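What follows is a short report on a single structure.
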Amino acid sequence: GETPYLKLMSQLYGDRAVLANATGCSSIYGGNLPTTPYCTRADGKGPAWSNSLFEDAAEFGMGMRLTADKQAEYAKELLLDAKGKGVPAELADKLLSNPMVSDEEVDAQRATVEELKGILAKVDASWAKELANVADRLVKKSVWIIGGDGWAYDIGFGGLDHVLASGQDVNILVLDTEVYSNTGGQNSKATPLGAVAKFAAGGKPNRKKDLARIAMDYENVFVAQVAYGAKDVHTLKAFLDAESYPGVSIIIAYSPCIAHGVDLSFNLRQQDLAVKSGHWPLLRYDPRLRAQGRNPLSVDSAAPSIPYRDFAQHEARFTVLERLHPADANRLMNEAESAARSRHQEYTDLAALALPGSATTAAEENKNA
């Protein structure tokens, strides 16, 4: 369930992506040397990938962002110094003014950088050699911090929280399997209510940590919760919006896993059932909408339309408890359904709120007056 999200990310931004991968399943199949699934285009462009420790991948990725920004700043300083004295002013201005928001603008920047390097190759001066060495840094990098829920919700959460609060232009992709899958299926803060896992043999007695709501509380972080098997266009839109957001973005991606005790040939069905049951609400929180007087939060999945049991009955992490302790299983299943429905309603209520000063709020105030 994890790899389609990585494939999508790499197809959209792999030509300029720099990846900080937390230790876990994604680091095992992502860097299984001497082979790697990350590849290059025909022109040689492709992701730069590195694996970090389980606990510090977020800081590791933020360091990549700060480094890329500092290198770009240095390249711009050298370019400004060279403007008019060896580099045509028109060419320098073209490089410095390109916002590189779209793929076309990035490709245009690359072409202009090649033109710049051609000019610098003909200049026998130390400043030209120095600028040529860093000219490629004038092309925008897309920084992605990637890991599972064990990293994001638990062991690496302190670092993740630090990055969420930083305001840096980084993208975080959480491949949420709802269990410590790489180390044998232990209970995680992402493990849902009622699910059986190692160290939760009687079914997890409390709710899953709501990472999306924690991230939204910063109010300047782009947040999306997606499940491609339920709504693939929503997933694509979330990736496009996240990367375009000029700050921290986090995508929490539902990733069915063999640890769920499910036939993964039915992966797409399970994702669809997870959304329809309310287990996995789809949402987006885009802070840019606030400037338009609009609520940043949108709930992109309907209210639960099937019983929670219709989703859970296909997965051994829920059904094994029915065989061992049927009374406990039934109680936890009822609690899980109630929690799923209330969570979706809470998100829907938040999304329906009008912002202070908006036209809706003013109308309501006039009505009350």
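Going by accessible surface with a 1.4 Å probe and the largest first, PHE60, PHE222 read PHE60, PHE222.
Charged side chains reduced to their Cβ positions (Lys and Arg at +1, Asp and Glu at -1) give the chain a dipole of some 340 debye around its Cα centre.
Each residue of segment 173-189 was assigned a 3J(HN,Hα) from its phi angle through the Karplus curve 6.51 cos²θ - 1.76 cosθ + 1.60 (θ = phi - 60°); the sequence is 10, 9, 8, 8, 9, 6, 6, 6, 6, 5, 10, x, x, 7, 4, 10, 5 Hz, with glycine and proline shown as x. Projecting label points 7 angstrom from Cα along Cα→Cβ for SER97 and LEU350 puts them 4.2 nm apart.
Once backbone amide H atoms are built at 1.01 Å from N, GLN168 has VAL248 as its partners under 5 Å, excluding neighbours fewer than 5 places away on the same chain. Calculated FRET efficiency, ILE258 to GLU130, Cβ-Cβ distance, R0 = 56 Å: about 0.60 to the nearest 0.05. Excluding same-chain neighbours fewer than eight residues apart, the lysines reachable from LYS276 by a Cα-Cα span under 16 Å are LYS231. Each residue, LEU240 and THR3, gets one label point 7 Å from its Cα in the Cβ direction; the gap between the two is 2.6 nm. If the chain linking ALA89 and LYS117 were pulled fully straight, counting 0.36 nm for each residue of separation and taking away their Cα-Cα distance, it would gain 8.6 nm.
Accessible area per residue for the chain is 46 Å², calculated with a 1.4 Å probe on protein heavy atoms, without ligands, DNA or RNA. Applying a length cut-off of 24 Å (Cα extent along the axis) and a mean Kyte-Doolittle floor of -1.0 to the DSSP H helices of the chain leaves 57-82, 103-120. Ignoring any ligand, DNA or RNA, what whole percent of the accessible area of the chain comes from carbon and sulfur when the probe is 1.4 angstrom? Accessible surface attributable to carbon and sulfur in the chain totals 55 percent.
Using a cutoff of 8 angstrom between alpha carbon atoms and counting only pairs six or more residues apart, the relative contact order for segment 111-237 works out to 16 percent. When the charge dipole of segment 210-305 is built from unit charges on Cβ atoms (+1 for Lys and Arg, -1 for Asp and Glu) and taken about the Cα centre, the candidate among THR235, ILE252, PRO296 whose Cα reaches farthest toward its positive end is PRO296. Compared with the direct C-alpha span, the chain from ARG331 to ASP81 gains 82.9 nm at full extension, assuming 0.36 nm per residue.
In this structure CYS25 has an accessible area near 40 Å², from a 1.4 Å probe over the protein heavy atoms.
The values are calculated or read from the model by the stated rules, or taken from the named source; none is laboratory data. Since we're looking at a predicted model, the values are computed, not measured. All Cβ positions, even for glycine, are placed from backbone atoms using ideal geometry, and neighbour counts span all protein chains on display. Side chains included, ligands, DNA and RNA excluded: accessible areas come from the protein's heavy atoms. Shrake-Rupley method; radii C 1.70, N 1.55, O 1.52, S 1.80 Å.
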